[in-house]
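Accompanying notes for the structure given below.
The values are calculated or read from the model by the stated rules, or taken from the named source; none is laboratory data. These numbers come from a predicted model, not from an experiment. Because the Cβ atoms are built from the backbone with ideal geometry, glycine has one as well, and the counts that use them run over all protein chains shown.
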Ligand SMILES: [Cu+2]
């Protein structure tokens, strides 16, 4: 017979540690010991050591919570607690999460499993957990005050139900949820189908992540919990590019990606180089007749989308939210546009007062991706990340879908940058360039202009270099 | 007559001899200025010179020219120039001459009174000769001389106070002038930043990135900055002119150059627990008040002594009656004015009232001195604390904010206009420190003055540190 400790080790969760519990051993004797994670790296899938078999998911920059079987019941132990989460190298956030990380670990079960979840509250205020999207007894739905008493500080509550419907779900508090979700309390839940399901195909790789957003003032650590819409950090699983791991697959793998949205706005998630089908929503797998190919799918607030594709194009393919502000890190929303504003003479005058001053934005904002200038502490540059050909000029909800011939099955390691075969990359034209015909007429037939607008002569400003940059 | 009055004169000389004991009644060679000079040197280490000959005047002028040729002009040199060159002060020196003349006058004997009566009828003569002398003046002259001596000493002290007060005011004027010049320089920097920001705003509109409204808002900063500078220049001109006046300068001399900065704030404000007692012992106005009461008290004695007898004249007399060859009858004459209508009570009452007045004034002078020195000391301590707070808290804080803002600008979290407007706040904090430092040094000068006499004079207009509406757009 294996001990619980051996069992967890056998589960192969690298980096997971048994928490030195503040709660006494005796009181926890009947509980599965809580397991915590101390890093934000993507952990390899947790192959189920017992219970019903299934193909595990890979949580992007996350992990799956180990369980124990207790007389046929799958027992998990979630600990709600303050955590420090690395948003990307160079920035850490003071969040609330579960078992050492925010978001909390992914919970994976199989359709028909009886699940018992112990929830210990180590937050400074009461909490609950709501099992978003699941069919469960009303008293297990986790709405504080409505379905149950909130879990007081220091107490442990037990939720128990049968995972009836296969699909993609989330969990999050439903007690002071505005604060608790703004602080990062959330997690992913996957219920795998029991055996073959007519609408759920087996896949080679199954990724999942949550969309989340924080408002952390540059130079500070704790999210502003009262922010309504004007967030400045857009994340997948509380990570911002370049902190988001790439999705590494083998050529011709069938890939499933599950996305849940716990931000305050929708996100059109876009994948380059492939078409995908939306095979599942909050309601479960979509009927085959409703599926059509997409390259972008909008994930609305509180929704889940499950997309599937055949990774049959080799290369490094961008994978991101298509709201371009969401592929930026913290930026000033009131910064005036400086494009085309000549700084000559002024830069010197300003540097006499502010010696470290440098002109930025005159040619656009790409300067930001190129220049490496000191920023406030604990602040990610607005656009960052360097690819094989220079600055990627991205942040936030951006990563790379890497398709490689040589990637081994079950290997999730980053294969490095893709080397395009010769003759398959954009190149510089060095021949002569004809002057293009320019648009000249103003006004349409319905409203011709009475006088020729002085604005008709468009001055096309070319980027130019000025001394003092 | 020579021969006839020989004996009379001989006797009179006895009286004269008695008079001399009353005091020296001649002019001093330095006109009493020596004690002023000494007082000034001892208190503030400066030379007070009262030029009375052309050569002395020339020497003094060349010394002033030498002091003014120092660039920049230090506070000590400015004070020395003022003491040497201020014409009001030189006029005050002349007061000393007037007071000394009174003293000498008081010390001199009244002239003896000679009277002669001559009548003739045939060979019968009647001749009365009397050499009388106001005997009472022998009693009263020492008293009157004492009064005048004290008045003279008081005049010397008040002249010394005037020198020291001028020194204090000049020092403060110098502080204000230096501070205001420093402020003007900072305001020029603010204007430069504002100018860059206004020009950038103009180019923003030109490039089509900004509306006229946005540009106008940004221009407000420039408008305010120009106002700040104008106010600072106004204050600077007033402060400098005051210093010029105190130093008694005109024409080319007024082009003196001041240092760029005030002296640094001393690390700690000095502890002076015994300051009230020291002030009572040192203050010249208290000494003057004491001398005044003493003079008045003597005056009261004098008045009381002479209340019944206004004049008692006494002197040798001789009478010849009869033939010219008859011998003179010798005797003396006493003339006495009786207070038949005037019992002297009014004069005594007046002197008494003056005496009580002097006592009360002296008492109030001491009370005021204590209060003034307490106030000056507290002001010295508090302005030190304020300047220290500016130096150690506010200025570094603004600097830190500016540094953090630059980091934010680097991250495109704020724009260049925010950066520039923040720079202005930083500069204003530096200006605030300059003013706090100015107030401290002025309080220091006031404290020194409070140990000498009454504190007077102000620092002139302050520069405005509050931010007007137009700039509040950020
Ligand atoms: Cu988005």
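Going through the range A:362-381 one residue at a time, which ones are outside any helix (DSSP H, G or I) and more than 7 Å from chain B (Cβ to nearest Cβ)? Residues satisfying the conditions are A:362, A:363, A:364, A:366, A:371, A:372, A:377, A:378, A:380.
Just the residues that are over 38 Å from the mean Cα position of the chain (by Cα) and modelled with pLDDT under 75, please, taken from the range B:417-474. Scanning the range B:417-474 gives B:467, B:468, B:469, B:470, B:471, B:472, B:473, B:474. Checked against (1) touching a residue at least 40 places away in the same chain (Cβ under 8 Å); (2) surrounded by 15 or more Cβ atoms within 10 Å (Cβ to Cβ); (3) under 20 Å from residue A:244 (Cα atoms), residue A:375 passes all but a single condition, namely (3).
Pairs linking a residue in the range A:205-223 that is farther than 21 Å from residue A:321 by Cα to a residue that is within 16 Å of the ligand (Cβ to nearest atom) and outside any strand (DSSP E or B), with Cβ atoms under 7 Å and 6 or more positions apart or on different chains, are A:218/A:330; A:223/A:215. Confirm whether residue A:215 is over 30 Å from residue A:387 (Cα atoms) and touching a strand residue (DSSP E or B) at 6+ places or on another chain (Cβ under 9 Å). Judged against the criteria, residue A:215 is not a match. Does residue A:243 count as in contact (Cβ under 8 Å) with a residue 12 or more places away in the chain and away from the ligand (no atom under 15 Å from the Cβ)? Yes: the conditions hold for residue A:243. Within the range A:305-329, the set of residues being more than 14 Å from chain B (Cβ to nearest Cβ), within 15 Å of the ligand (Cβ to nearest atom) and either in a strand (DSSP E or B) or crowded, with 21+ Cβ neighbours inside 10 Å (or both) comprises A:305, A:318, A:319, A:320, A:321, A:326, A:327. For first residues located in the range A:74-88 and within 25 Å of residue A:164 (Cα to Cα), partners that are at pLDDT below 95 and buried (at least 23 other Cβ atoms within 10 Å of the Cβ) and lie 6+ apart or on another chain with Cβ distances below 6 Å form the pairs A:77/A:34; A:79/A:34. Only one entry of B:199, B:205, B:146 meets the criterion of being in a helix (DSSP H, G or I), buried (at least 20 other Cβ atoms within 10 Å of the Cβ) and either within 13 Å of chain A (Cβ to nearest Cβ) or in contact with a helix residue (DSSP H, G or I) (Cβ under 9 Å, 6 or more places away or on another chain) (or both), and that entry is B:146.
Residue count for the range A:283-297 satisfying the condition of being assigned to a strand (DSSP E or B), within 16 Å of the ligand (Cβ to nearest atom) and either within 14 Å of chain B (Cβ to nearest Cβ) or surrounded by fewer than 17 Cβ atoms within 10 Å (Cβ to Cβ) (or both): 1. In this structure, does residue B:285 turn out to be within 28 Å of the chain's Cα centre (by Cα) and surrounded by fewer than 16 Cβ atoms within 10 Å (Cβ to Cβ)? Against the criterion (within 28 Å of the chain's Cα centre (by Cα) and surrounded by fewer than 16 Cβ atoms within 10 Å (Cβ to Cβ)), residue B:285 does not qualify. Residues in the range A:398-409: is at least one in contact with a helix residue (DSSP H, G or I) (Cβ under 6 Å, 6 or more places away or on another chain), under 19 Å from residue A:248 (Cα atoms) and either at the interface with another protein chain (Cβ under 9 Å from one of its Cβ atoms) or buried (at least 16 other Cβ atoms within 10 Å of the Cβ) (or both)? Checked against the condition, which is being in contact with a helix residue (DSSP H, G or I) (Cβ under 6 Å, 6 or more places away or on another chain), under 19 Å from residue A:248 (Cα atoms) and either at the interface with another protein chain (Cβ under 9 Å from one of its Cβ atoms) or buried (at least 16 other Cβ atoms within 10 Å of the Cβ) (or both), the range A:398-409 yields at least one hit.
Scanning the range A:345-354 for residues that are on the phi > 0 side of the Ramachandran plot and either at pLDDT below 80 or within 7 Å of chain B (Cβ to nearest Cβ) (or both) gives no hits. Condition first: within 12 Å of chain A (Cβ to nearest Cβ) and under 30 Å from residue A:367 (Cβ atoms). Can you find one or more residues in the range B:427-434 that meet it? Yes, some residue in the range B:427-434 is within 12 Å of chain A (Cβ to nearest Cβ) and under 30 Å from residue A:367 (Cβ atoms).
The single condition among (1) surrounded by fewer than 17 Cβ atoms within 10 Å (Cβ to Cβ); (2) touching a residue at least 12 places away in the same chain (Cβ under 8 Å); (3) at the interface with chain A (Cβ under 9 Å from one of its Cβ atoms) that residue B:399 does not meet is (3).
Let's see how each residue does on (1) within 7 Å of another protein chain (Cβ to nearest Cβ); (2) surrounded by 15 or more Cβ atoms within 10 Å (Cβ to Cβ); (3) out of contact with any strand residue (DSSP E or B) (no Cβ under 8 Å at 6 or more places or on another chain); (4) under 16 Å from residue B:203 (Cβ atoms):
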position: A:331; (1), (2), (3), (4): yes, yes, yes, no
position: A:337; (1), (2), (3), (4): yes, yes, no, yes
position: A:343; (1), (2), (3), (4): no, yes, no, yes
position: A:356; (1), (2), (3), (4): yes, no, yes, no
position: A:360; (1), (2), (3), (4): yes, yes, yes, yes
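Does residue A:280 satisfy the criteria of being at pLDDT 95 or above, crowded, with 21+ Cβ neighbours inside 10 Å and within 16 Å of the ligand (Cβ to nearest atom)? Spelling it out, it is not the case that residue A:280 is at pLDDT 95 or above, crowded, with 21+ Cβ neighbours inside 10 Å and within 16 Å of the ligand (Cβ to nearest atom). Selection of the range A:249-275 for residues being more than 16 Å from the ligand (Cβ to nearest atom) and surrounded by 22 or more Cβ atoms within 10 Å (Cβ to Cβ) yields A:249, A:255, A:256, A:258. From the list B:99, B:106, the one residue that fits, being in contact (Cβ under 8 Å) with a residue 60 or more places away in the chain and under 20 Å from the mean Cα position of the chain (by Cα), is B:99.
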